[in-house]
Number of protein chains: 2
Amino acid sequence: MAEGSIWEAFQHAGWEGLDNLTAIVDVNRLGQTRETMLGWNMDGYAERARAFGWHAIVIDGHDVDQIDVAFREAIDTHGHPTVVLARTKKGRGVRAVEDQPGKHGRPLDDPDEAIEELGGERELTVRVAAPPADGEPHRFETWGAELPSWQVGQEVATREAYGEALRALGHIRGDVVALDGELSNSTHSELFAHDHPDRYFEMFIAEQQMIAAAVGMQVRGWVPFASTFAAFVSRGYDFIRMAAISRANLRLAGSHAGVSIGEDGPSQMGLEDLAALRAVHGSTVLHPSDANQTARLVAEMADRPGISYLRALRPKTVVRTGPDEDIHIGGSRTVRASDGDELTIVACGITVGEAEKAADELAADGTRARVIDCYSIKPIDAGTLIQAALDTGGIITVEDHRAEGGLGEAVLAALAQEPERPPVTILAVREMPLSGKPAELMHSARIDAGAIVDAARRLAGVAA
Amino acid sequence: MAEGSIWEAFQHAGWEGLDNLTAIVDVNRLGQTRETMLGWNMDGYAERARAFGWHAIVIDGHDVDQIDVAFREAIDTHGHPTVVLARTKKGRGVRAVEDQPGKHGRPLDDPDEAIEELGGERELTVRVAAPPADGEPHRFETWGAELPSWQVGQEVATREAYGEALRALGHIRGDVVALDGELSNSTHSELFAHDHPDRYFEMFIAEQQMIAAAVGMQVRGWVPFASTFAAFVSRGYDFIRMAAISRANLRLAGSHAGVSIGEDGPSQMGLEDLAALRAVHGSTVLHPSDANQTARLVAEMADRPGISYLRALRPKTVVRTGPDEDIHIGGSRTVRASDGDELTIVACGITVGEAEKAADELAADGTRARVIDCYSIKPIDAGTLIQAALDTGGIITVEDHRAEGGLGEAVLAALAQEPERPPVTILAVREMPLSGKPAELMHSARIDAGAIVDAARRLAGVAA
């Protein structure tokens with residue numbers, strides 16, 4: 001009850017008036033080493049719960065009749081969730097540990113004595129009323145629609161493509177729902193909310209509760225997409241970790257990634273999200289560079305098991321991917337390639353445009369560069385990368401993310417076991433960004449076309 | 001006010017009775033897209049604050065006299081922190097945006113009109129009472145002590161060495177303080193608490209507030225060390241990210257890292273912490289394998305700028321490092337090496353022992369393996385790794401952490417620009433661990449001596 005996430009949940013449930021929700025707090029006074037902040041101050045717990053809009057019932061948690069009465073009262077409570085605050089003694093019935101601090105998680109000195117105190121070895125079977133058999137999960141009405149697509153050459157922000165694709169997915173599938181951390185007009189989940197108001201959930205600025213609610217929804221048979229800024233995904237990181245351990249299937253979108261957001265400054269720049277999300281068990285990490293890629297990947301995420309994460313951009317990017325190209329989780333897009341390529345530039349998201357510009361500039365100097373748009377960072381298209389390592393004398397990776405745990409290291413890992421591989425230069429954000437125009441910040445972080453060209457010339461120097 | 005971390009802070013400050021703390025809540029009703037959960041329900045805010053032990057004052061936030069009265073009342077309030085709940089209108093005085101949803105962070109259509117409405121362009125200088133000049137930060141009494149050291153061959157958990165080193169550091173330095181997330185008898189920060197009760201801060205199970213409090217303490221001139229389980233560091237990840245952006249100097253310790261914790265299962269296993277912490281701006285990431293390393297690194301952390309993180313183990317490990325060896329941030333320890341080494345095993349923490357065993361087994365087969373204990377993961381000892389890449393025909397990295405963003409990728413990054421480098425095999429936790437004995441879980445995750453030997457034989461096959 002010291003964790004803020006508990007009160008985040010109390011606040012939201014109270015606001016929603018969830019009278020089908022009953023929480024039980026086992027108030028046993030003790031933490032791991034000492035008394036908790038409130039100890040057995042039952043009124044303290046009750047006042048807090050009531051202040052957040054809950055009906056609170058204080059009982060003796062060892063009295064089965066009181067438990068029964070409390071549950072009936074919870075069923076009869078309308079308009080508010082109920083919390084049953086059960087005063088208990090930790091380790092009750094075993095003298096050696098009952099109500100003692102410092103006994104948490106430790107083996108008993110004399111387990112046989114404890115069994116004796118608890119009434120000796122017995123076979124007890126307690127039959128409880130089974131919950132009603134689950135019916136089919138609720139399905140929302142669909143009208144049929146097609147995934148959006150854009151003409152090559154159009155300029156569209158991938159965050160907007162995310163919203164458009166999600167909206168269409170709602171029309172196509174009756175199981176998709178959306179949640180947002182009160183940034184829906186920035187992440188563009190508002191497009192979904194507009195067409196599907198009954199399956200959009202406003203989670204306000206409470207990312208832990210957003211992830212928690214999404215976990216609950218997928219347990220109940222829905223396909224949740226939860227969005228916020230990439231920077232704020234970090235606020236829910238433990239919940240994401242635990243969702244993976246709980247085998248939840250969640251789709252997350254983090255918009256406004258990287259220094260390319262520009263003026264808002266470093267607190268708003270998601271620069272650690274690729275590293276954090278790649279390290280989550282069984283995760284999928286995607287970072288499309290244009291709108292058509294985004295729409296295809298959003299559609300694939302709906303059927304993807306585990307935690308999938310899509311990183312979206314604030315600024316518009318030019319649509320390079322044709323509407324009918326094969327874009328899929330685990331794939332990549334070769335932007336340009338020829339037999340005589342001397343080096344390879346691997347980019348994702350906003351840096352794909354910089355890689356193209358750099359390749360143009362290098363071509364003018366007579367150096368041919370392959371450009372790979374690595375929109376699927378986990379799983380990564382190892383085959384294409386290994387081929388590039390065989391074909392070319394150097395690799396430059398470039399990402400709008402910290403140098404650790406992002407695209408560059410994912411590429412290194414894909415190539416790690418190759419007996420022969422060329423040198424790899426990782427261009428990434430290594431200093432603290434300031435506030436400025438996107439182009440200025442990308443220049444300052446050394447992840448723009450100019451930085452790629454410089455790195456290519458250094459590589460050529462090494463190779464020569 | 002939707003974020004749980006706010007209530008985590010309210011709860012802790014209320015419990016501490018911090019009557020020198022005054023919080024101001026600007027209750028302007030609006031979030032980014034819509035009304036907040038409480039809107040202008042001032043009583044709702046006041047009830048919540050009071051339930052958490054605060055004195056709450058509701059005022060019209062546009063009335064300077066009311067603000068003044070409220071601040072006086074806050075000064076005169078004893079035994080409780082005070083929150084001033086100021087009802088305001090967002091964008092007050094500019095018709096185009098005043099109290100309008102959807103105007104957050106958007107440029108005005110007609111800025112000149114807004115300036116006119118606000119009274120035209122003016123030069124206003126407001127002089128406020130300056131806070132008293134800061135004196136010297138409080139220094140605690142010291143008795144003098146030496147850093148603890150252990151005999152080679154002793155078996156000690158690095159988490160215990162952390163606690164012993166921190167306790168000694170408290171005797172040596174008058175500026176060191178410690179915080180813990182109510183796990184002090186597991187992280188062993190209790191050793192510090194025992195000797196220095198006046199500078200140990202129990203943060204209960206509230207990791208965001210623990211980081212926040214540590215940030216505040218270093219602003220005021222103390223040197224805070226904050227500890228919890230490595231798994232729960234993830235709960236405070238956004239606070240760590242923001243602490244780095246705020247240029248805070250923080251020392252964090254995460255104990256019970258990896259599958260080697262054994263029976264408690266995956267929810268308690270920190271397996272993403274190296275990736276998450278490496279990606280933080282300017283961070284230092286350390287993972288000692290024995291007690292002597294730990295003590296030296298803890299002492300160095302006290303003077304280290306930025307966010308430094310020490311990963312500690314639950315099980316005992318044998319002390320391999322002599323008390324007088326040179327252990328330092330950015331260093332590594334070559335456990336064994338010879339001119340004829342055919343391959344290199346790079347390990348850290350619990351896997352160093354496995355690497356030694358594997359090297360013994362390989363030696364029995366006639367294969368000589370170099371073993372590097374890479375206790376400093378960021379910064380990493382690139383020179384030693386590059387030399388190993390030159391000297392040997394293959395590298396195996398082995399870590400009790402996910403494959404992404406940890407030791408393996410840090411090693412790859414250190415070698416990335418080398419024109420010639422042997423294949424690298426990353427041994428890491430790739431499946432969902434279960435509950436079991438540490439040795440069983442390390443075997444199952446394929447990060448034990450047997451897995452290293454298998455990988456070595458595969459590498460030899462590739463090389464041959």
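For chain A, take the longest principal axis of its alpha carbons; what is the angle in degrees between that and the long axis of helix A:4-16, to the nearest 10 within 0 to 90?
It is inclined by approximately 80 degrees.
If R0 is 25 Å, what FRET efficiency do you get for B:Ser444 and A:Arg34 from their C-beta distance, rounded to 0.05?
For B:Ser444 and A:Arg34, the calculated efficiency is 0.10.
One quarter of the convex hull surface, Cα atoms only: what value does that give for chain B in nm²?
Numbers: hull surface 110.9 nm².
In nm², the orientation-averaged hull projection of chain B is 27.7.
So what is the diffusion coefficient of the protein assembly as shown in µm² per second by Stokes-Einstein at 37 °C and 0.692 mPa s, using a Kirkwood Rh over Cα pairs? Please list the in-between numbers first.
Details: Rh = 29.6 Å.
Rounded, D is 111 µm²/s.
Using a label position 7 Å from Cα in the Cα→Cβ direction, what is the ascending list of nm distances from B:Asp360 to the same site in the other copies?
Inter-copy label distances (nm, one decimal, shortest first): 6.3.
Can you work out the Karplus-derived ³J(HN,Hα) for every residue in region A:151-167? Use 6.51 cos²θ - 1.76 cosθ + 1.60 with θ = phi - 60°, whole Hz, and x for glycine or proline.
6, 4, x, 5, 10, 9, 6, 5, 5, 5, 4, 4, x, 5, 5, 5, 4
Under the rule of at least 5 residues apart or a separate chain, name every residue whose amide H is placed under 5 Å from the amide H of B:Leu252.
B:Ala226, B:Ser308, B:Tyr309, B:Leu310
Under 5 Å between amide H atoms, partner at least 5 residues away or on a different chain: which partners does B:Leu427 have, H built in plane at 1.01 Å?
Result for B:Leu427 returns B:Thr397, B:Val398, B:Glu399.
How large is the convex hull of the Cα atoms of region B:376-461 per residue, expressed in Å³ as a whole number? Provide the component values of the computation, followed by the final result.
On the way: hull volume 8.5 nm³, N = 86.
Normalising the Cα hull of region B:376-461 by residue number yields 99 Å³.
Stokes-Einstein at 25 °C, 0.890 mPa s, Kirkwood radius from Cα pairs: D for region B:1-118 in µm² s⁻¹? If you can, show how the numbers build up before the last one.
Numbers: Rh = 15.5 Å.
It comes out at roughly 158 µm²/s.
In debye, nearest 20, what is the charge dipole magnitude of region B:201-265 about its Cα centre with +1 on Lys and Arg Cβ and -1 on Asp and Glu Cβ, if you could check? Write down the numbers at each step before the final one.
Values: 5 positive and 5 negative charges, 84 e Å.
Here region B:201-265 has a charge dipole of around 400 debye.
Provide an ascending nm list, one decimal, of label-point separations from B:Asp26 to the equivalent residue in each further copy; define each label point as 7 Å from Cα along Cα→Cβ.
4.4
Starting from the amide H of A:Ile345, placed 1.01 Å from N in the peptide plane, find each other amide H under 5 Å away whose residue is 5 or more places distant or on another chain.
Those lying under 5 Å, H to H, from A:Ile345 are A:Arg370, A:Val371, A:Ile372, A:Ile396.
Indicate, rounded to the nearest 5 percent, the antiparallel portion of the DSSP beta bridges found entirely in the protein assembly as shown. Can you show the working numbers first?
On the way: 18 of 114 bridges.
Bridges in the protein assembly as shown are about 15 percent antiparallel.
Filter the cross-link list A:Lys316/B:Lys90; A:Lys437/B:Lys103; A:Lys378/B:Lys357 down to pairs whose alpha-carbon distance in this structure exceeds 31 Å.
Numbers: A:Lys316/B:Lys90 29 Å; A:Lys437/B:Lys103 21 Å; A:Lys378/B:Lys357 33 Å.
The answer is A:Lys378/B:Lys357.
Among DSSP beta bridges whose residues both lie in region A:273-415, state the antiparallel percentage, nearest 5. Write down the numbers at each step before the final one.
Working: 5 of 17 bridges.
Bridges in region A:273-415 that DSSP calls antiparallel: roughly 30 percent.
About its Cα centre, how strong a charge dipole does region B:247-366 have in debye, to the nearest 20, once Lys and Arg get +1 and Asp and Glu get -1 at the Cβ?
Numbers: 12 positive and 18 negative charges, 145 e Å.
Computed charge dipole of region B:247-366: roughly 700 debye.
Under the rule of -39500 (n - 2.57) per DSSP H run of 4 or more residues, summed and divided by the residues of chain B, what mean residue ellipticity at 222 nm is obtained, to the nearest 500 deg cm²/dmol?
Roughly -10500 deg cm²/dmol at 222 nm, from the helical runs in chain B.
Take peptides A:140-153, A:40-53, A:118-131, A:430-443 and line them up by average Cβ neighbours within 10 Å, highest first, as a rough protection proxy. Walk me through the numbers on the way to the answer.
On the way: A:140-153: 13.5, A:40-53: 19.9, A:118-131: 6.3, A:430-443: 16.6.
Highest mean packing first, the order is A:40-53, A:430-443, A:140-153, A:118-131.
To make sure I understand, if each residue's beta carbon is the centre and we count other beta carbons within 10 Å, what order do B:Leu271, B:Leu169 fall in, fewest to most? List each step's numbers first, then the result.
Details: B:Leu271 29, B:Leu169 25.
Neighbour counts put them in this order, fewest first: B:Leu169, B:Leu271.
Taking the Cα-to-Cβ direction at B:Arg173 and at A:Asn20 and moving 7 Å from each Cα, how far apart do the two end points lie in nm?
5.5
To the nearest 10 degrees, how steeply does helix A:351-364 sit against the main Cα axis of chain A, on a 0 to 90 scale?
It is inclined by approximately 10 degrees.
Run the dipole for the protein assembly as shown about the Cα centre, Lys and Arg Cβ at +1, Asp and Glu Cβ at -1, nothing else charged, and hand back the magnitude in debye, nearest 20. The partial results should precede the final answer.
Numbers: 88 positive and 142 negative charges, 132 e Å.
With Lys and Arg at +1 and Asp and Glu at -1, about 640 debye.
What three numbers, in Å, describe the spread of the alpha carbons of region B:186-317 along their principal axes, ordered from the longest?
That works out to 40, 34, 28 Å along the principal axes.
On a 0 to 90 degree scale, rounded to 10, what angle separates helix A:207-219 from the longest Cα axis of chain A?
So the helix axis and the longest Cα principal axis differ by about 80 degrees.
Compute the relative contact order of chain A as a whole-number percentage, counting only Cα pairs closer than 8 Å that sit 6 or more residues apart in sequence.
Working: 989 pairs, mean separation 53.3, N = 464.
With pairs under 8 Å counted, the relative contact order is 11 percent.
Give me a comma-separated list of calculated 3J(HN,Hα) values for region A:250-259, in order, Karplus coefficients 6.51, -1.76, 1.60 applied at θ = phi - 60°, integers in Hz, x for any Gly or Pro.
With the stated coefficients, region A:250-259 comes to 10, 10, 10, 10, x, 9, 6, 7, x, 5 Hz.
Over all alpha-carbon pairs in region B:287-435, figure out the percentage whose distance exceeds 27 Å.
Numbers: 2098 of 11026 pairs.
When every Cα pair of region B:287-435 is considered, 19 percent fall beyond 27 Å.
Mind jotting down the distance between the C-alpha centroids of region A:11-83 and region A:192-228, whole Å?
So the two Cα centres are separated by 25 Å.
What is the order of A:Ile345, A:Ile211, fewest Cβ neighbours within 10 Å to most? Could you put the intermediate results ahead of the total?
On the way: A:Ile345 34, A:Ile211 31.
By the 10 Å Cβ count, ascending, the order reads A:Ile211, A:Ile345.
Cα centroid distance between region A:127-186 and region A:419-461, in Å?
Comparing the Cα centres of region A:127-186 and region A:419-461, I get a distance of 36 Å.
Show me, bin by bin at 10 Å from 0, the whole-percent P(r) of region A:266-328 based on Cα pairs.
So the P(r) values, bin by bin, are 20, 46, 31, 4.
Taking the DSSP beta bridges in chain A as the whole, what percent of them are antiparallel, to the nearest 5?
Details: 9 of 57 bridges.
Counting DSSP beta bridges with both partners in chain A, the antiparallel share is about 15 percent.
Label-point separation (nm) for B:Ala129 and A:Asp99, each offset 7 Å from Cα along Cα-to-Cβ?
4.8
Mind putting together the pair-distance distribution for region A:130-255? All Cα pairs, 10 Å bins, whole percent per bin, short to long.
13, 42, 32, 11, 1, 0
Ordered shortest first, which distances in nm separate the 7 Å Cα→C-beta label point of A:Gly450 from those of the other copies?
List, nearest first: 5.7 nm.
Given R₀ = 35 Å, FRET efficiency for A:His194-A:Glu73 by Cβ-Cβ distance, to 0.05? The partial results should precede the final answer.
Values: r = 40 Å, r/R0 = 1.15.
With R0 = 35 Å, the Cβ-Cβ based efficiency is 0.30.
Computed from the coordinates by the stated procedures, all read-outs in this text should not be read as laboratory data. These numbers were taken from a predicted model, which means no experiment stands behind them. Backbone-built Cβ (ideal geometry, glycine too); neighbour counts: all protein chains shown.
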